[in-house]
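Read through the structure below, which is laid out as structure tokens, and then see the notes.
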Amino acid sequence: MALIQLTPAERKEKRGDAHHIDPTVMIGADGLTPAVLKEAEVALKSHGLIKVRVFSDDRAAREAMLTEMADKLNAAPIQHIGKLLVLWRPLPESQAASEIEPGTAPRVVKILKFSKRGNHRPEVKRITVLGNERVTAGGQVKRAKKRVTSIKKKV
């Protein structure tokens, strides 16, 4: 399979995203086995960006493992630093679309408050807005109104 080609800027962004990720796949003394490839495939399907720890002291073998894994899993090799390998593959469209549903989860909203004097910088506030809340034009957070149900349903 062909490797995914990334620009240096995209690769740099993925390296930054992978910085706080713990290794999800470990390669032991047996090397790159089909079980390891299967686990890496599952991790790539669920996360998209994974770290792999290799318990081997041979740098050339680790580089070969990175290219082989990227080739077999149809992923982009992002980074090889020490005994850590970073791989990325885009998430399937159905999963990526289902994760982002508007209004269901808490989200962070930036609110700018301009000063009354024109020579000061605007104040930036980050507020967490829940699914049943909205931000008004004045920057206030309001809860959604309760729906009025019929009397028949109340009884």
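Values quoted throughout were computed directly from the atomic coordinates according to the rules given, and no laboratory measurement underlies them. All values reported here derive from a predicted model rather than from experimental measurement. All Cβ positions, even for glycine, are placed from backbone atoms using ideal geometry, and neighbour counts span all protein chains on display.
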Practice task
For the chain, build the charge dipole from Cβ charges (+1 Lys, Arg; -1 Asp, Glu) around the Cα centre, then report which of ALA70, GLN140, LEU84 sits farthest towards its positive end.
Solution key: GLN140
Problem - Dipole-positive endmost among GLY16, ALA61, THR33 within region 8-95 (Cβ charges, Cα centre) - result: GLY16
Handout entry: Computed [θ] at 222 nm, deg cm²/dmol, the chain (DSSP H ≥ 4; -39,500 (n - 2.57); rounded to nearest 500)
Key = -9500 deg cm²/dmol
Completion exercise
Distance in nm between PHE114 and ASP30 label points, each 7 Å along Cα→Cβ, equals 6.6
Problem - Percent antiparallel among DSSP beta bridges (both partners in the chain, rounded to 5) - result: 85
Completion exercise
With 0.36 nm assigned to each residue of separation and the Cα-Cα distance removed, THR136 to ILE21 gains 37.8 nm
Practice task
Counting other beta carbons within 10 Å of each Cβ, put ILE4, ILE27, ILE21 in order, fewest first.
Solution key: ILE21, ILE4, ILE27
Completion exercise
Net charge near VAL36 (other residues with Cβ under 12 Å of its Cβ; Lys, Arg +1; Asp, Glu -1) is -1
Fill in the blank from the handout: Once PHE55 and LYS38 are pulled to full extension, the length gained, defined as 0.36 nm per residue separation minus their Cα-Cα distance, is 4.3 nm
Practice task
Just the number, please: percent antiparallel of the DSSP beta bridges in region 8-95, rounded to the nearest 5.
Solution key: 75
Problem - Equivalent ellipsoid semi-axes - Cα gyration tensor, region 101-146, angstrom - result: 26, 12, 6
Handout entry: Entries in LYS12/LYS113; LYS12/LYS83; LYS14/LYS72; LYS14/LYS45 that, when Cα-Cα distance is taken, lie over 23 Å
Key = LYS12/LYS113
Fill in the blank from the handout: Quick note on LEU37, LEU85, ordering by fewest other C-beta atoms within 10 Å, gives LEU37, LEU85
Exercise for the section: Please report, in debye to the nearest 20, how large the charge dipole of region 8-95 is about its Cα centre when each Lys and Arg carries +1 at its beta carbon and each Asp and Glu carries -1 there. Expected result: 160
Completion exercise
Relative contact order in percent for region 8-95 (Cα pairs under 8 Å, 6+ apart) equals 31
Practice task
Would you mind computing the Rg to Rh ratio of the chain from its alpha-carbon coordinates, Kirkwood style for Rh?
Solution key: 1.21
Fill in the blank from the handout: Relative contact order in percent for the chain (Cα pairs under 8 Å, 6+ apart) equals 18
